[in-house]
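The next block holds one structure in the form of structure tokens; read it before the comments.
The values are calculated or read from the model by the stated rules, or taken from the named source; none is laboratory data. None of these values were measured; they are calculated from a predicted model. Cβ atoms come from the backbone with ideal geometry, glycine included; neighbour counts cover every protein chain shown.
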Amino acid sequence: MVSRPDPLTMTPAIGLLLALACAFVANLAFFYKHRGANAVAKVCVRHPLRSAFALYSSRWFSIGMAIATASWGLHVAALALAPMSVVQVALAGGVVLIAVMAERMFGFEVGPRQWTGLVLTAIGLALLGLTLPAMHGAHAQFSQAAMISFEAGLFGLGGLLIMGPRIGSPVEHHGIMLGAASGILFGVSDTAIKALTGITGAHGLVGLALSPWLAVALCASVVAFYASARGLQDGEAVPVIAVTGAAANIAGIAGGIIVFGDPMAAGTLGVTVQALAFVLVVVASALMPAPLRAAPVAARA
């Protein structure tokens, strides 16, 4: 008699495959959005509707947004089937895919500094995922004071990064800074959405509609949309995409710990590894802005 695989054993493996697919699809969406954003006029904060219309008038940008929606669905499905630490590790590995996709599919030449930065980012995010303790339940309960402080702090940090050159930062790094700002603001939105899931469970759709965190989620998403598009216009694809993903990942992990009380790593070793992980991501971000150019033949193709 042939034994059949245990569905309970296969479920995490399916979740892992979905997470890897999510990483690939999300990167693909960013590259298409980069191509589309650079085919239209620069995003202008004074004309948000005109800028949005211009972006969506680009076929490549619209395709990228559609693919990004699919990647979000894969992410949700992966989290439903596999532990969060497993999903984080898979998404971290997806950072390295950025360089492979950039060279093989979109005709970019990725230098040694970018490869080093991408690998360090992947290792750092993987270490963060591996050191997160196993958690049970939705973890949607939160402190209002912690939530307000966390969201306000990230909004302020994102605003400083968006201002960039106006406060004295190098103009040539503004694309990277906008990528980091959009990632942070995506983290703000994700944290607010997580809170809304708990509010909806306790108070229904009425509680959802009346919650101020719905406005926060929408506002952060809109600002992140414009910051991301302008970052893809002002910066090179590989560094901006990598920094955006890393910032969103770290903001989400920090929100889980600070706002929702998710447990941190147990013991001195775990805390040390997490600190090392953050250092690796910071060092990687410093390496990213090195010169990067598109290969002319592949770009024309």
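So the values come out like this:
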| read-out | value |
| --- | --- |
| Selection from the stretch 166-212 of residues that are under 23 Å from V43 (Cβ atoms), of a type outside the set (A, V, I, L, M) and over 24 Å from the mean Cα position of the chain (by Cα) | R166, G168 |
| Test: Y32 is under 19 Å from the mean Cα position of the chain (by Cα), at pLDDT 90 or above and aromatic (F, W, Y) | yes |
| Residue among G270, G256 that is touching a His at 6+ places or on another chain (Cβ under 9 Å), assigned to a helix (DSSP H, G or I), closer than 17 Å to L130 by Cα and at pLDDT below 80 | G256 |
| Which listed residue is modelled with pLDDT of 75 or more and closer than 22 Å to I253 by Cα, from G111, G93, G73, G107 | G73 |
| Residue ID - farthest from V282 (Cα to Cα), chosen from residues in the stretch 170-210 that are surrounded by fewer than 21 Cβ atoms within 10 Å (Cβ to Cβ) and of a type in the set (S, T, N, Q) | T200 |
| Every pair of residues 6+ apart whose Cβ atoms lie under 7 Å, when the first sits in the stretch 40-67 and is free of Cβ contacts under 8 Å to residues at least 24 places away in the same chain while the second is β-branched (V, I, T) | A54/V40; S57/V40; S58/V40 |
| Selection status of G231, at pLDDT 90 or above, crowded, with 24+ Cβ neighbours inside 10 Å and assigned to a helix (DSSP H, G or I) | yes |
| Options V45, V40, V25: the member that is in a loop (DSSP other than H, G, I, E, B) and modelled with pLDDT of 90 or more | V40 |
| Any pair with Cβ under 8 angstrom, 6 or more apart, that starts in the stretch 239-255 at a residue that is without any contact (Cβ under 8 Å) to a residue 12 or more places away in the chain and ends at one that is of a type in the set (A, V, I, L, M, F, W, C) and outside any helix (DSSP H, G or I) | none |
